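Accompanying notes for the structure given below.
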Amino acid sequence: IHHYNSLISGHCKLGKLSGANNLVKEMIDKGLEPNVVTYTSLISGYCKAGELKTAFSLYHEMTGKGISPNIYTFTALIYGLCRSNMMAEACKLFDQMKEWNVIPNEVTYNVMIEGHCRKGDIVKAFELLNKMLEKGLVPDTYTYRPLIGGLCSVGRVSEAKDFMDDLHSDRHKLNEMCYSTLMRGYCKEGRLKDALGACTEMVSRSIDVDLVCYTILINGFLKHGETKKLLSLLKEMHDHGLRPDNVAYTSIIDAFGKAGDLGKAFGVWDIMVSEGCIPNVVTYTVLINSLCKAGDIHSAELLCKEMLGSNSIPNSMTYSCFLDQLTKVGHIEKAVELHSTMLESSLANVVTYNILIRGFCQMNRTEEAAEILTQMVEANILPDSVSYSTIIFEYCRRGSLSEAMKLWDVMLDKGLYPD
RNA sequence: ACGCACCAAUUGGAAAUGC
């Protein structure tokens with residue numbers, strides 16, 4: 001049974017859920033009964049795939065058979081809820097597991113803390129950290145990294161650094177992930193000097209400055225127009241025996257494209273390929289995006305076709321580059337057409353709808369823009385603050401202040417925070 | 001018999017939308 005469990009877990013980790021299910025059938029045929037480990041592996045697999053319904057029906061199936069869920073099972077389920085942004089449900093299960101006499105451990109707390117941080121609820125996250133400490137549980141980098149990232153994502157980068165300094169003085173070990181998260185926060189705020197400072201601090205604390213750290217720096221400097229720094233960073237990497245990978249190259253390509261230098265962008269693409277890095281869907285999409293923005297639809301379409309011939313499949317983001325370009329040049333009907341095709345292929349999301357909203361607004365068809373909000377709800381894709389603010393901005397521009405205020409209230413009513 | 005071990009749970013980098 002261990003061998004089967006191990007194989008099933010492996011399939012789940014690779015996202016091969018049907019393969020995992022076949023193995024379960026096979027083991028049952030051989031007279032082996034799935035146990036808690038088997039179920040937990042499957043539950044974890046479905047949670048990672050975002051298929052929470054299946055995960056919970058497996059959970060009910062196992063409890064129905066009299067197999068008791070354990071700490072691994074609950075943590076996997078809570079992880080799934082957190083990843084789907086269902087923190088209320090995650091909190092509920094976190095409390096309910098005690099009814100099964102299962103006490104949350106470090107991993108469970110780490111998962112919950114990360115979930116709260118992802119939602120920007122730093123207060124709850126730190127409350128849980130304190131609760132962990134009260135219970136004598138030992139936090140580690142799986143705890144600290146999300147907290148650092150959470151503080152950064154709500155614009156409290158300096159507090160994140162203070163937090164890290166406190167941890168350091170209390171002799172808690174931080175790793176590359178904690179530092180790279182902080183560096184990313186600094187870069188997003190344009191505090192490039194501080195990002196470099198963090199790098200220096202890593203060296204002084206014997207933490208390896210790895211490829212991810214360098215990629216964050218390269219991305220940060222380039223996106224803030226500091227092109228000169230690129231060569232010295234690349235040289236430094238080289239001196240440390242690091243070579244850029246496709247993520248690093250894609251970041252550089254994107255930066256040149258966004259700066260309007262498509263020649264250099266394609267130049268880097270060639271270098272990347274000659275270095276043996278394989279362009280992926282993101283690499284293609286950043287180029288398609290820049291080509292669309294430059295109005296070169298023909299080349300963008302060629303690249304898109306080329307993608308289909310390679311191993312990358314265009315996704316929502318790829319198509320939304322075309323969608324955005326269509327609306328910007330006023331081809332709203334064509335955009336709507338493309339969007340309905342996307343919708344059929346499950347490639348529509350809140351951003352693709354927002355692009356349509358902006359398109360209608362731009363054509364002075366604000367009523368139709370507002371109707372999109374209803375369509376979104378029907379498609380089970382909830383409007384976000386960008387959806388609303390696009391229309392609110394349009395009402396304001398036209399002097400319809402009362403309409404703008406009305407929509408503002410609707411937005412607040414839906415529990416959306418203005419940004 | 002009891003332990004123990006074995007199989008299952010959590011962390012970082014690049015792309016699209018409004019102002």
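We did not get these values from a lab; they are worked out from the coordinates using the rules stated. Just so you know, these numbers come straight off a predicted model, no measurement behind them. In this analysis, Cβ positions are derived from the backbone assuming ideal geometry, glycine residues included, and neighbour counts consider all displayed protein chains.
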Practice task
Determine, yes or no, whether A:GLY190 is buried (at least 16 other Cβ atoms within 10 Å of the Cβ) and small (Gly, Ala, Ser).
Solution key: no
Exercise for the section: Give me the pairs, please: first residue somewhere in segment A:247-264 and touching a residue at least 40 places away in the same chain (Cβ under 8 Å) and within 8 Å of RNA strand B (Cβ to nearest atom), second residue anywhere and part of a helix (DSSP H, G or I) and of a type in the set (Val, Ile, Thr), beta-carbon distance under 8 Å, and either six or more positions apart or on two chains. Expected result: none
Completion exercise
Per the filter on segment A:373-413, residues under 27 Å from the mean Cα position of the chain (by Cα), part of a loop (DSSP other than H, G, I, E, B) and within 14 Å of RNA strand B (Cβ to nearest atom) are A:ILE381, A:LEU382, A:PRO383, A:ASP384
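Yes/no matrix, rows are residues, columns are (1) among the aliphatic types (A, V, I, L, M); (2) farther than 20 Å from A:SER206 by Cβ:
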{"residue": "A:LEU147", "(1), (2)": "yes, yes"}
{"residue": "A:VAL154", "(1), (2)": "yes, yes"}
{"residue": "A:GLU159", "(1), (2)": "no, yes"}
{"residue": "A:ASP166", "(1), (2)": "no, no"}
{"residue": "A:ASP170", "(1), (2)": "no, no"}
{"residue": "A:ASP194", "(1), (2)": "no, yes"}
Completion exercise
Residue pairs qualifying under the 7 Å Cβ cut-off, at least six apart or on distinct chains, with the first in segment A:358-377 being under 20 Å from A:MET342 (Cβ atoms) and the second being of a type in the set (D, E, K, R) and more than 14 Å from RNA strand B (Cβ to nearest atom), are A:PHE360/A:GLU368
Exercise for the section: Report whether or not A:LEU52 is within 21 Å of A:LEU17 (Cβ to Cβ), away from RNA strand B (no atom under 12 Å from the Cβ) and crowded, with 17+ Cβ neighbours inside 10 Å. Expected result: yes
Problem - Selection from segment A:294-320 of residues that are of a type outside the set (S, T, N, Q), in a loop (DSSP other than H, G, I, E, B) and surrounded by 13 or more Cβ atoms within 10 Å (Cβ to Cβ) - result: A:ALA294, A:ASP296, A:PRO314
Exercise for the section: Just give me the residues in segment A:20-46 being in contact with a Ser or Thr (Cβ under 6 Å, 6 or more places away or on another chain) and of a type in the set (Phe, Trp, Tyr), in sequence order. Expected result: A:TYR46
Completion exercise
Of those in segment A:360-372 that are more than 11 Å from RNA strand B (Cβ to nearest atom) and of a type in the set (S, T, N, Q), the residue nearest to A:GLN325 (Cα to Cα) is A:ASN364
